[in-house]
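First up is the structure itself, then whatever we jot down about it.
The values are calculated or read from the model by the stated rules, or taken from the named source; none is laboratory data. Quantities reported herein were computed from a predicted structural model and do not represent experimental measurements. We place every Cβ from the backbone using ideal geometry, glycine too, and count neighbours over all the protein chains shown. Just the protein is used for accessible areas: all its heavy atoms, side chains included, with ligands, DNA and RNA removed. Shrake-Rupley method; radii C 1.70, N 1.55, O 1.52, S 1.80 Å.
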Amino acid sequence: MFNTLQLPSGHITHRGARFVNRFLTPSLFWLAVIALVLGSGAARAESGVPNAVPPVGTHKGDDVPQPIEFPHNTHADVNQINCMYCHTYARRSKVAGIPPTSKCMGCHSVIATDKPRIKKLTEYWENKEPPPWRKVHDVPDYVHFTHEKHLKRFVFDNEGMQVENVAEVCAFCHGEVKKMTVAHKVKPLNMGFCRRCHEANEGPFDCWKCHK
Amino acid sequence: MSNKVNRRDFLKIMGWGGVGATLAGCDMPTTVTLEEGKEEVTSYMIPEEYVIPGVGVYYASTCQQCPAGCGLHGRVREGRVLKLEGNPESPINRGRLCQMGQAGVQAHYNPDRITRPMMRKGSGLTTVSWDEALTHIQSKMEGVSGDRFAWFTDTVSGHQAVLMDAYREAVGSSRHYVHEIINNSVSRQVNQDMLGDPQPRLRFDKARVVLSFGADFLGTWQSPVHNAVEYAAFREAPRGVLVQVEPKMTLTGANADLWVAVRPGTEGVFALAVANALSAKNPAMLDGLPDKAKQLVRRYDIKKASRITGAAGEHIVKTAGWLAERSPSLVVAGASAEGHGHGYDTVAAIMLLNVILGNIGETIEASGAFPFPQLVARTGGTRDVMDFAKALDNKELDAVFFRGANPVFTAPESLGLRDKLGKVGLKVAFSQFEDETTRLADVVLPMYSAMEDWGTHVAAYQAGQAVIGIQQPLMQPLYEQTRGFGDVMLSLLKMRKVPGYDGYADYYAYLRDAFSALPDSLKNGASNDEFWASALQRGVLEVATGGGSLTAKVVDFDLPENPASEGAYTLVPSARLGLWDGRHANIPWLQEAPDQISKVVWDSWAEMHPRTARKLGVKTGDAIKITSANGSIEANVYVYKGIHPDAIAVPMGQGHETYGRFAKGRGVNPVKILALNTDGKTGELAHHSTQVQVSKTRVRDSMVIFGGSETQLGRKIVATVTADVYERTEGEA
């Protein structure tokens, strides 16, 4: 490519070095910067949640046996049902809510009625007893956490965010539930975990925001 | 954080590293274990249309923690009541609520509630079915008629009182004993005799000077939350002056501009001396008074009054000066003025000031007649419990129904109720908790909590706009075997075949019908259903009271030349906003809330002046024995300047023998050792006149005091100036 300059080779080395020094080095630096920015942008695009830095941290949760081994994967992954279809209160309340049994029966009075898990569900329904689900994710009583505000920030008020991809926002704190059957706690949900995420995403940082 | 970090180091770290340094420990394992899968989370079967889990729904109701009848808003989430606040629509509390009201949820969720009906079989109480309990009552009551039956209750009003009356009348009895150890019965009698209105409306907000003789109107007197709202207006510019005269500093006393400690029993002398000082400047003030009253006023010049009361003469002059300069004023009397053998006369002397200062009709207004006399509050004091004891002595009673009141705890031990109650064939307790009286009952009927029951309430003290407070359930009953008071009354009326009650399935149906029967003038053209819905939504129903007017007649009264008690020390059984008369001792929040004056938590104490403490050789924390002619109690000393050297104050509320895990065996009950002295004119217990001996028993016991210092030790943490300096430098507020 230097041939186009039609300069003696000695010059080439010399002029080339100057070129590298004067122009190319800073350019490379800027290129690297641009690549980095684009790269991270690409990483963001991959997560499907714009304007967000997912929280960091892992936790190895216990197996929690549930009255019915509810397959989140069948619902959210295979059949692509939106998390908020069942956890309908998440957008309106501090709690996401366990779906009312009537919601399960809305489909399962006709779908897969012969499966043992559905038979068990139907039994609960007919006895007018909701299944005694076991709580997997929780924060202490002195922590005020609200699903509503987090969904507002990362989904509904988040420009470029597709509501269909809400599972990825849920996954910030709940892990990839759509790959699980019954839920496992895979994020620590302790104060450091919350704090780092609030720092990275410029969330509120006053003590009383959560401890009120 | 390692536990080597002390407070100073902590502050240094905060200073250097800012928040980040202290937050570095946030990934440490939490001290609260939130183990996965240990708790259940229950979903709805079918969701309620208007319910969003996690979002509160608010219902209006009426507070039952004391007789003031404040309006409530209860926040209900997922069918559970979580938080109580004041109802802004209620003219009584105007959106505010005191700590006792706030703690109502802990009465409701209390783990020591009675959950099943019980009957005495042999020596103990045995769980039985409702059918068995009610049938037993009915069969026993068949043999009871006339005055051999009695109700024994705390303050009751509204439709519950109507049903109680209906049952009492069906039996043919005229006996309904109402017992409240925290009361204003003597003042009510004086008001009736002087003003023609037992409970006139007091306008703290209009007054420019308030002179209070032991009336703890911000804490325990009449309607504390209402008074506090008016007090706030009173303190706004131009700032009103508050003078409090009492033997032991109350919450109100702690807020006063001038707090005067007087020898117990001499409040009347102080009042007459103020009248004397006022008339010295303006002799016309005494015109129109009966000669005897004039003589009494003239009897106490400042020097003499100062000698008798122990108050500085300049304080009498200063008080008179304020009263003369600023008008209108308001003079009120509370427990420490009422509770003497000459209580009526003391209160009359105090009320005399209102007459000569022209406050009647200004800051003391006629309450007007409540249009539904059958709903009006049945209030009482301590006279009824003494009449009750007499009736027991004479074997006049075969059956007594108890509700709310706990006289075995809140009456002096020397009245002997514990033994005398054995003479009654049938004792029925409508109760939520196993208190000292319930424990002695033959049949115990477990009641709904105030958050589960229906009711209507008419407060004894109606603040301006008179209202019927509506109590509605804030949630489903916690226990299957508890019942509503009104429901049980309807069952008993039906079982007794009292005509007119067969049509009501439950108390709710009865109330619906009662509301439909209210005059159209209250309904503003609404249908019965709309009217009921709006009453429930608002929590209060305003009713118009007839105008009414007040007289300003000075009654015949007299005081001993020197009314001070003669013994060495007078026992002051003090009341506090919190445990009240002991009914809230089973509420941990209120046990934990420090006393407003001593800051002691979870215990009893004996307040004592430093001079007295020196004389007895005791310090804060030492245990003393307080002995009256009727027994003795032991408590730790709390040395404090806010008490007269001749008084020893022990707060009421503790000293329960039973009443659940939070109350039992904690502290002592001063009411136990009170002498059975009575006020000569009203027959009320002279509860502030018991003479006691004090002796030291142990040194330095543990005593949990919040705070630990009464002064700022010269550090000026909160800068203050005296009223005089403020007025000189800033002008009149």
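Scanning the range B:69-99 for residues that are assigned to a loop (DSSP other than H, G, I, E, B), open to solvent by less than 70 Å² (accessible area, probe 1.4 Å) and closer than 30 Å to B:Phe217 by Cβ yields B:Gly69, B:Cys70, B:Asn87, B:Ser90, B:Pro91, B:Ile92, B:Asn93, B:Gly95, B:Leu97, B:Cys98. Collect the residues in the range B:380-403 that are over 17 Å from B:Gly425 (Cβ atoms), touching a strand residue (DSSP E or B) at 6+ places or on another chain (Cβ under 6 Å) and either modelled with pLDDT under 95 or not β-branched (Val, Ile, Thr) (or both), keeping them in residue-number order. Of everything in the range B:380-403, those that are over 17 Å from B:Gly425 (Cβ atoms), touching a strand residue (DSSP E or B) at 6+ places or on another chain (Cβ under 6 Å) and either modelled with pLDDT under 95 or not β-branched (Val, Ile, Thr) (or both) turn out to be B:Gly380, B:Asp384, B:Arg403. Scanning the range B:632-657 for residues that are surrounded by fewer than 19 Cβ atoms within 10 Å (Cβ to Cβ) and assigned to a strand (DSSP E or B) yields B:Ser632, B:Glu634. So, A:Glu159, is that one open to solvent by 60 Å² or more (accessible area, probe 1.4 Å), touching a residue at least 40 places away in the same chain (Cβ under 8 Å) and away from every other protein chain (no Cβ under 11 Å) or not? Yes; evaluated as a whole, the condition is true for this residue.
Each row is one residue, and each column tells you yes or no for (1) at pLDDT 95 or above; (2) hydroxyl-bearing (Ser, Thr, Tyr); (3) in contact with a Cys (Cβ under 7 Å, 6 or more places away or on another chain); (4) on the phi > 0 side of the Ramachandran plot.
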| site | (1), (2), (3), (4) |
| --- | --- |
| B:Phe433 | yes, no, no, no |
| B:Ala441 | yes, no, no, no |
| B:Ser449 | yes, yes, no, no |
| B:Ala460 | no, no, no, no |
| B:Val467 | yes, no, no, no |
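Within the range B:30-68, the set of residues being within 28 Å of B:Ser534 (Cβ to Cβ), hydrophobic (A, V, I, L, M, F, W, C) and assigned to a strand (DSSP E or B) comprises B:Val57, B:Ala60. Among the residues of the range B:419-431, those that are open to solvent by 10 Å² or more (accessible area, probe 1.4 Å) and outside any strand (DSSP E or B) comprise B:Asp419, B:Lys420, B:Gly422, B:Lys423, B:Gly425. Selection of first residues in the range B:124-142 that are charged (D, E, K, R) and of second residues that are assigned to a loop (DSSP other than H, G, I, E, B) and crowded, with 16+ Cβ neighbours inside 10 Å, restricted to Cβ pairs under 9 Å at least 6 apart or on distinct chains, gives the following pairs, ordered by first then second residue: B:Glu132/B:Pro117; B:Lys140/B:Asp398; B:Lys140/B:Asp442; B:Glu142/B:Arg496.
Can you find a residue that is of a type in the set (A, V, I, L, M, F, W, C), open to solvent by less than 10 Å² (accessible area, probe 1.4 Å) and closer than 30 Å to B:Ser90 by Cβ anywhere in the range B:432-444? It would help to see each step written out before you state the result.
Step one: filter the range B:432-444 for residues of a type in the set (A, V, I, L, M, F, W, C), giving B:433, B:440-441, B:443-444.
Then drop every residue that is not open to solvent by less than 10 Å² (accessible area, probe 1.4 Å), which leaves B:441, B:443-444.
Narrowing further to those that are closer than 30 Å to B:Ser90 by Cβ: none.
Taking every residue of the range B:432-444 in turn, none turns out to be of a type in the set (A, V, I, L, M, F, W, C), open to solvent by less than 10 Å² (accessible area, probe 1.4 Å) and closer than 30 Å to B:Ser90 by Cβ.
Across the range A:139-150, the qualifying residues are those that are surrounded by fewer than 17 Cβ atoms within 10 Å (Cβ to Cβ) and without any contact (Cβ under 8 Å) to a residue 24 or more places away in the chain, and the one among them that is nearest to the other protein chains (Cβ to nearest Cβ) is A:Pro140. Cβ-Cβ contacts under 8 Å between residues 6 or more apart (or on different chains), taken from a first residue in the range B:36-60 that is more than 7 Å from chain A (Cβ to nearest Cβ) and more than 18 Å from B:Met475 (Cα to Cα) to a second residue that is modelled with pLDDT of 90 or more and outside any loop (DSSP other than H, G, I, E, B), are listed as B:Lys38/A:Arg134.
Among helices (runs of 4 or more DSSP H) entirely within the range A:96-153, having at least 1 residues that are among the acidic types (Asp, Glu) and farther than 30 Å from A:His211 by Cα singles out A:116-126. Of everything in the range A:85-133 that is among the polar types (S, T, N, Q) and free of Cβ contacts under 8 Å to residues at least 24 places away in the same chain, the residue that is nearest to the other protein chains (Cβ to nearest Cβ) is A:Ser102.
From the list B:Gly265, B:Gly321, which one is assigned to a loop (DSSP other than H, G, I, E, B) and either touching a residue at least 12 places away in the same chain (Cβ under 8 Å) or in the same structural domain as B:Val210 (by TED's automatic domain parsing) (or both)?
Numbers: B:Gly321 fails: assigned to a loop (DSSP other than H, G, I, E, B).
Only one candidate passes the filter, namely B:Gly265.
Here B:Ser157 clears all of (1) farther than 30 Å from B:Lys395 by Cα; (2) touching a strand residue (DSSP E or B) at 6+ places or on another chain (Cβ under 6 Å); (3) among the hydroxyl-bearing types (Ser, Thr, Tyr) except the condition numbered (1).
Taking the range B:55-68 only, how many residues are over 19 Å from the mean Cα position of the chain (by Cα) and either open to solvent by less than 10 Å² (accessible area, probe 1.4 Å) or more than 30 Å from A:Asp138 (Cβ to Cβ) (or both)? Talk me through it step by step, then tell me what you get.
Going through the range B:55-68, the residues over 19 Å from the mean Cα position of the chain (by Cα) turn out to be B:55-61.
Within this subset, residues satisfying the condition of being either open to solvent by less than 10 Å² (accessible area, probe 1.4 Å) or more than 30 Å from A:Asp138 (Cβ to Cβ) (or both) are B:60-61.
Count: 2.
Selection of the range B:281-292 for residues being part of a helix (DSSP H, G or I) and either loosely packed, with under 14 Cβ neighbours inside 10 Å or at pLDDT 95 or above (or both) yields B:Lys281, B:Pro283, B:Ala284, B:Asp291, B:Lys292. Mind checking which pairs have a first residue in the range A:180-199 that is more than 8 Å from chain B (Cβ to nearest Cβ) and a second that is crowded, with 19+ Cβ neighbours inside 10 Å and not in a loop (DSSP other than H, G, I, E, B), Cβ under 6 Å, 6 or more apart or different chains? From residues that are more than 8 Å from chain B (Cβ to nearest Cβ), the pairs are A:Met180/A:His72; A:Ala183/A:Val177; A:Lys187/A:Cys173. Taken as a whole, the range A:138-156 holds no residue that is among the charged types (D, E, K, R) and in contact with a strand residue (DSSP E or B) (Cβ under 7 Å, 6 or more places away or on another chain). A single member of B:Gly310, B:Gly343 is in contact with a His (Cβ under 9 Å, 6 or more places away or on another chain) and under 24 Å from B:Asn184 (Cα atoms), and it is B:Gly343.
Among the residues making up the range B:102-146, a single one is surrounded by fewer than 17 Cβ atoms within 10 Å (Cβ to Cβ), in a helix (DSSP H, G or I) and either at pLDDT below 95 or in contact with a Ser or Thr (Cβ under 8 Å, 6 or more places away or on another chain) (or both): B:Gly146. Within the range B:658-703, being touching a Pro at 6+ places or on another chain (Cβ under 9 Å), in a loop (DSSP other than H, G, I, E, B) and open to solvent by less than 60 Å² (accessible area, probe 1.4 Å) holds for B:Gly660, B:Phe662, B:Gly667, B:Asn669, B:Leu674, B:Ala675, B:His687, B:His688, B:Ser689. Counting only helices (runs of 4 or more DSSP H) wholly contained in the range B:342-417, the ones carrying 2 or more residues that are over 19 Å from B:Thr690 (Cβ atoms) and open to solvent by 10 Å² or more (accessible area, probe 1.4 Å) occupy B:343-356, B:383-393. Scanning the range A:145-201 for residues that are within 16 Å of A:Arg92 (Cβ to Cβ) and either more than 12 Å from the chain's Cα centre (by Cα) or of a type in the set (D, E, K, R) (or both) yields A:Phe145, A:Thr146, A:His147, A:Glu148, A:Lys149, A:Lys152, A:Arg153, A:Phe156, A:Asp157, A:Val163. Has the range A:66-75 got at least one residue that is more than 8 Å from chain B (Cβ to nearest Cβ) and in contact with a Pro (Cβ under 6 Å, 6 or more places away or on another chain)? The answer is yes; a qualifying residue exists.
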